[in-house]
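The values are calculated or read from the model by the stated rules, or taken from the named source; none is laboratory data. Just so you know, these numbers come straight off a predicted model, no measurement behind them. Cβ placement follows ideal geometry from the backbone for every residue including glycine, while neighbour counts extend to all protein chains displayed. Accessible surface areas use protein heavy atoms only, side chains included; no ligands, DNA or RNA. Shrake-Rupley method; radii C 1.70, N 1.55, O 1.52, S 1.80 Å.
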Amino acid sequence: MKTKTKQRIAIAAAVLTVILVILIKTVDVAPIGPNGTSIGLSHLNQAIHDAIGINQGIYTITEIGGILAIGVVAVFAIMGLVQWIQRKKLMKVDRELLVLGGLYVILGFLYVFFNKVAINYRPVIMPGEVLPESSFPSSHSMLGCTVMGSAYLLVDRYVKNPTAVKVLHVLCIINMIVIVGGRFLSGVHWFTDILGGILISIALIAEFSAVLDQIQAKK
């Protein structure tokens, strides 16, 4: 896929995310959440939630998937740190890892931002909580897709064994499916929360892939 096409995909996904937020805040808003919290696109979200229900077991599996994604972040962070120490200067670290670090910073910012700015609230009050929590976008879906998607793109640059690359690619895809699909089926998010997490991830990964193309072209 051409670099410009990837950039267009990133822009399109970002625009669709903004449109989705506007729809959630303005269309079919009704107090269907816990403690009467108002939820956008309420009929759609309620119908899907009622059909799926709540599954704590699947939720636990997605938590494990999230931990694995954080482990991937740690691995790349350690790789970057080791290169920084060995090469004495930060700017001598592989540009791919520096860009990946920037991606992680953006991901962290979005995570904090959406925790502070509530677009929608969870359809359930989670164990140990007394109040509804911010639910849009699904942070696990956003984390899983962005981290595992970026890892998928970088694996073949640091692993030279073709078989190992294929195995790691498959594992990246499996973990993305487990996190996103599991989060959806667990019932702890509205449908639009999952959709928002996916759209944001597409925007981030498409732009990240485009930047990697530009780095490769300069080598």
Kirkwood hydrodynamic radius of region 1-78, Cα pairs, Å:
16.1
My understanding is that a pair violates if its Cα-Cα distance is over 30 Å; which of 6/160; 4/25; 116/166 do that in this structure?
4/25; 116/166
Long-range amide H partners of residue 39 with built H, under 5 Å:
30, 32, 33
Determine which lysines satisfy two conditions relative to residue 88: a Cα distance under 24 Å, and not lying fewer than 8 residues away in the same chain.
218, 219
Taking a probe of 1.4 angstrom, what is the accessible area of residue 26 in Å², to the nearest 10?
100
Ratio of Rg to Rh over the chain (Cα coordinates, Kirkwood Rh, two decimals)
1.01
Place a label point 7 angstrom from the Cα of residue 164 along the Cα-to-Cβ direction, then list the residues of region 78-97 whose backbone nitrogen is under 19 Å away.
78-83, 94, 97
Debye intensity ratio I(q)/I(0), log10, region 92-144, q values 0.21, 0.25, 0.30 Å⁻¹ (C-alpha model)
-0.79, -0.96, -1.14
For region 112-219, how big is the tail of P(r) above 20 Å, as a whole percent of Cα pairs?
49
So how strong a dipole does the chain carry about its Cα centre when Lys and Arg Cβ are +1 and Asp and Glu Cβ are -1, to the nearest 20 debye?
1260
Helix runs (DSSP H) in the chain reaching 30 Å along axis by Cα, Kyte-Doolittle at least 0.0:
3-26, 56-87, 95-116, 162-186, 191-217
Per residue, how much accessible surface does region 1-87 expose to a 1.4 Å probe? Answer in Å², no decimals.
61
Given an 8 Å cut-off on Cα distances and at least 6 residues of separation, report the relative contact order of the chain as a percent.
34
Once amide hydrogens are built 1.01 Å from N within the peptide plane, the residues lying 5 or more places from residue 120 or on another chain with amide H under 5 Å from its amide H are 135, 136
Using the Cα centre of region 1-119 as the reference point, and only Cβ charges (+1 on K/R, -1 on D/E), how large is the resulting charge dipole? Debye, rounded to the nearest 20.
920
Whenever you get a sec, line up 156, 213, 193, 50 from highest to lowest accessible area (probe 1.4 Å, protein heavy atoms).
50, 156, 213, 193
Work from the charge dipole of region 45-202 (Cβ charges, +1 for Lys and Arg, -1 for Asp and Glu, about the Cα centre) and give the residue of 81, 143, 66 farthest towards its positive end.
81
For region 148-219, what does the accessible surface come to per residue with a 1.4 Å probe? Please give it in Å².
44
